Amino acid sequence: MVTRVVNWNIAKRHQPWRQLVEMDADVALLQEAGKSPEDVAGRVDAGPDASWDAHQWNSDWWHGRWPKLFDRWPKVVKLSDRVGVEWYRQVSPIGWVLDDEIAVSGIGTIAVARIAPAGLESIVVASMYARWVGAHPSTNSRWKVGYSDGSAHRIVSDLSAFIGNTDPSSHRILVAGDLNMIYGELDEQPQNLASRTQTVFERMDALGLEFLGPQAPDGGRQADPTPAGLPPDTRNVPTYHTTRQTPETAANQLDYVFASRGFHEQINVRALNSPDEWGSSDHCRILIEIDDN
């Protein structure tokens, strides 16, 4: 049996939901997701609000602080009846949780569920979104956008709760999402945080979560010319375009997939990043196929 998972930052748009239900996929790992439009609401299931909405466990965090910024959530969405889905309810970052809970340390950064393809061993899946975090005012920083590695490290810490022993092959974990960082970037750009970015990928590896890209040649088309700040032999594939770009001119990869070492050998990952298959968001879709045959 092949389980089809789609990872996609949908920028809180409605049209991606409609495209998702036409893909014959089983599960979607979404970032920056709002509510599904009424015309497809009966064909998707994003689980209980407590699995993604930080208001459920910290209802006053947003008061007076950019309410429109934090209404874009990572979600795990059921798309077919070929899989069962059990969503983990989010709670504050406490030391001990119940069977149906996950302790989260970043607001709007992660959603986790356990999916069960018919007759097969279950898989823990996580949708991750490394939000930008502003530098403290005392730094007088010129990083106007901020940095994403702080959110990414919170995500890695939260995922570590699902690593119960030192043998990665005993786990079946799939993690995908928008890290807002560029794998393998160089330090030559003045605002690049390449060394900090690298620590996120190193920590994933230390948990036994294998980096699956997507990477060229089989993970999608590459940008031409090679984007500034990357080595000539980069295997990155563009998954995001700015407002000044199009799918044809998209340059940078921000979206990535990881899976438990050993289990990762059953997984094929490809960015749907050609212009005719990009989709209706500024990020392209990533198709993840899990082969349990």
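The values are calculated or read from the model by the stated rules, or taken from the named source; none is laboratory data. It should be emphasised that the depicted structure is a prediction, and the values quoted were computed from it without experimental measurement. Positions of Cβ are backbone-derived with ideal geometry, glycine not excepted, and every protein chain shown enters the neighbour counts.
Specify the residue that is farthest from the chain's Cα centre (by Cα); the eligible residues are those in region 124-145 that are within 30 Å of ASP99 (Cβ to Cβ) and in a strand (DSSP E or B). Steps first, please.
Restricting attention to region 124-145, the residues satisfying the condition of being within 30 Å of ASP99 (Cβ to Cβ) are 124-131.
After this cut, where a residue has to be in a strand (DSSP E or B) as well, the list is 124-129.
Details: VAL124: 14, VAL125: 10, ALA126: 7, SER127: 4, MET128: 4, TYR129: 5 Å.
Taking the candidates together, the pick is VAL124.
Identify, please: which residue in region 121-169 is among the hydroxyl-bearing types (Ser, Thr, Tyr), more than 20 Å from VAL104 (Cα to Cα) and in contact with a strand residue (DSSP E or B) (Cβ under 8 Å, 6 or more places away or on another chain) and is, among those, surrounded by the fewest Cβ atoms within 10 Å (Cβ to Cβ)? Spell out how you get there, then give the answer.
Filtering region 121-169 down to residues among the hydroxyl-bearing types (Ser, Thr, Tyr) leaves 122, 127, 129, 138-139, 141, 147-148, 151, 157, 160, 166, 169.
Cutting the leftovers down to more than 20 Å from VAL104 (Cα to Cα) gives us 122, 138-139, 141, 166, 169.
Of the ones still in play, those that are also in contact with a strand residue (DSSP E or B) (Cβ under 8 Å, 6 or more places away or on another chain) are 122, 169.
Numbers: SER122: 15, SER169: 12.
Within region 121-169, the match that is surrounded by the fewest Cβ atoms within 10 Å (Cβ to Cβ) is SER169.
Of all the residues in region 131-180, those that are free of Cβ contacts under 8 Å to residues at least 40 places away in the same chain and aliphatic (A, V, I, L, M) number 3.
Between SER280, SER260, SER274, which is at pLDDT 95 or above, more than 15 Å from the chain's Cα centre (by Cα) and crowded, with 17+ Cβ neighbours inside 10 Å?
Result of the check over SER280, SER260, SER274: SER260.
Do we find that TYR183 is modelled with pLDDT of 90 or more, within 14 Å of THR197 (Cβ to Cβ) and either polar (S, T, N, Q) or surrounded by fewer than 23 Cβ atoms within 10 Å (Cβ to Cβ) (or both) in this structure? The answer is yes for TYR183.
Are any residues in region 94-113 assigned to a loop (DSSP other than H, G, I, E, B) and free of Cβ contacts under 8 Å to residues at least 60 places away in the same chain, and if so, which ones? Walk me through how you get there before you give the answer.
So in region 94-113, the residues assigned to a loop (DSSP other than H, G, I, E, B) come out as 94-100, 104-109.
Passing the criteria: ILE94, GLY95, TRP96, LEU98, ASP99, ASP100, VAL104, SER105, GLY106, ILE107, GLY108, THR109.
Considering each of THR234, THR166 in turn, give the residue that is more than 22 Å from ARG131 (Cβ to Cβ) and modelled with pLDDT of 95 or more.
Values: THR166 fails: modelled with pLDDT of 95 or more.
Result: THR234 is the single residue among THR234, THR166 that is more than 22 Å from ARG131 (Cβ to Cβ) and modelled with pLDDT of 95 or more.
Out of ALA113, ALA118, report the one residue that is among the aliphatic types (A, V, I, L, M) and either in contact with a strand residue (DSSP E or B) (Cβ under 6 Å, 6 or more places away or on another chain) or surrounded by 15 or more Cβ atoms within 10 Å (Cβ to Cβ) (or both).
Values: ALA118 fails: either in contact with a strand residue (DSSP E or B) (Cβ under 6 Å, 6 or more places away or on another chain) or surrounded by 15 or more Cβ atoms within 10 Å (Cβ to Cβ) (or both).
After ruling out the rest, the residue left standing is ALA113.
It is to be established whether one or more residues within region 203-211 are more than 28 Å from LEU159 (Cβ to Cβ), at pLDDT 90 or above, small (Gly, Ala, Ser) and touching a Pro at 6+ places or on another chain (Cβ under 7 Å).
Residues of region 203-211 that are more than 28 Å from LEU159 (Cβ to Cβ), as a first pass: none.
For region 203-211, residues more than 28 Å from LEU159 (Cβ to Cβ), at pLDDT 90 or above, small (Gly, Ala, Ser) and touching a Pro at 6+ places or on another chain (Cβ under 7 Å): absent.
Checking the stated criteria, SER160 turns out not to satisfy the condition of being over 17 Å from ARG203 (Cβ atoms) and not aliphatic (A, V, I, L, M). Residue-level check: of (1) more than 18 Å from the chain's Cα centre (by Cα); (2) not in a strand (DSSP E or B), ALA116 misses just (2). Of all residues in region 1-44, those satisfying the criterion of being assigned to a loop (DSSP other than H, G, I, E, B), touching a Lys or Arg at 6+ places or on another chain (Cβ under 8 Å) and not hydrophobic (A, V, I, L, M, F, W, C) are LYS12, ASP24, ASP26, GLY34, PRO37, ASP39. Looking across region 269-293, just one residue is in contact with an Asp or Glu (Cβ under 8 Å, 6 or more places away or on another chain) and without any contact (Cβ under 8 Å) to a residue 40 or more places away in the chain, and that is PRO275. Restricting TYR147, TYR88 to residues that are closer than 15 Å to VAL175 by Cα and of a type in the set (Phe, Trp, Tyr) narrows the list to TYR88.
For region 50-79, which residues satisfy the criterion of being part of a loop (DSSP other than H, G, I, E, B), modelled with pLDDT of 90 or more and either touching a helix residue (DSSP H, G or I) at 6+ places or on another chain (Cβ under 9 Å) or surrounded by fewer than 16 Cβ atoms within 10 Å (Cβ to Cβ) (or both)? Full working, then the answer.
Taking region 50-79 as the starting set, the residues that turn out to be part of a loop (DSSP other than H, G, I, E, B) are 52-53, 57-72, 79.
Retained after the next criterion (residues that are modelled with pLDDT of 90 or more): 52, 79.
Across region 50-79, the qualifying residue is only LEU79.
Kindly evaluate GLY47 against the criterion of being at pLDDT 95 or above and part of a loop (DSSP other than H, G, I, E, B). Criteria met by GLY47.
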